[in-house]
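Scroll down for the structure; my scribbles are underneath it.
The values are calculated or read from the model by the stated rules, or taken from the named source; none is laboratory data. As the structure is a computational prediction, the values presented were derived from the model and not from experiment. Glycine gets a Cβ as well: all are built from the backbone with ideal geometry, and neighbour counts include every protein chain shown.
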Amino acid sequence: MKPLFAVLPALLLAPTALAAPKPAPGPNWNRGTPLTVTMTNQGFVPARLALRQGGQYILRIRNPSDRTHSFSAKEFFGLARVSPADQAWIPRNEVELKPGQSATLHLVAPTTPGAMYYFKSTRVADAATKFKGAITVR
């Protein structure tokens, strides 16, 4: 019979003894519930969005108008998981679109239930209009 100190290193290095748990799979960025927000010269349509906590979405923001507008949702974009490929659209947690432009963001909603996040346009010309809205996470 071998002494315990001779067997202990083999037990500690056994693959089953040191197996790390597998990480949870990441989101499939090609999937998600589609949402569209249109920026008109009068405001956002729709101005209210309802998301499931942790739900996966494909958010398309369109600007068919003749002016540049922005979709600023700093707190929401700060807490949501946005596809690495789409990060370039939100350098300051806002999307700025010139006339005729659109942006598509693949994201996972924040996991805080009952949270409300506000969005607005940061363009000076939009300040006095209805360029505001809310995202509710249920």
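The residue of the stretch 94-114 that is surrounded by the most Cβ atoms within 10 Å (Cβ to Cβ), among those that are within 12 Å of ILE135 (Cα to Cα) and modelled with pLDDT of 95 or more, is ALA109. The single condition among (1) hydrophobic (A, V, I, L, M, F, W, C); (2) outside any strand (DSSP E or B); (3) closer than 18 Å to GLY26 by Cβ that ALA128 does not satisfy is (3). Taken over the stretch 29-65, residues that are in a loop (DSSP other than H, G, I, E, B), closer than 18 Å to GLU96 by Cα and of a type outside the set (S, T, N, Q) amount to 3. Among residues of the stretch 123-138 that are closer than 19 Å to GLY78 by Cβ, those with a beta-carbon under 7 Å from a residue that is in a helix (DSSP H, G or I) and not small (Gly, Ala, Ser) at least six positions away or on a different chain give the pairs ILE135/PHE76.
Here's a check for you: in the stretch 28-70, which residue that is under 26 Å from ASP126 (Cα atoms) and charged (D, E, K, R) is nearest to the chain's Cα centre (by Cα)? Per the criteria, the residue is ARG60.
Being aliphatic (A, V, I, L, M), in a loop (DSSP other than H, G, I, E, B) and buried (at least 18 other Cβ atoms within 10 Å of the Cβ) is a condition met by at least one residue of the stretch 75-93.
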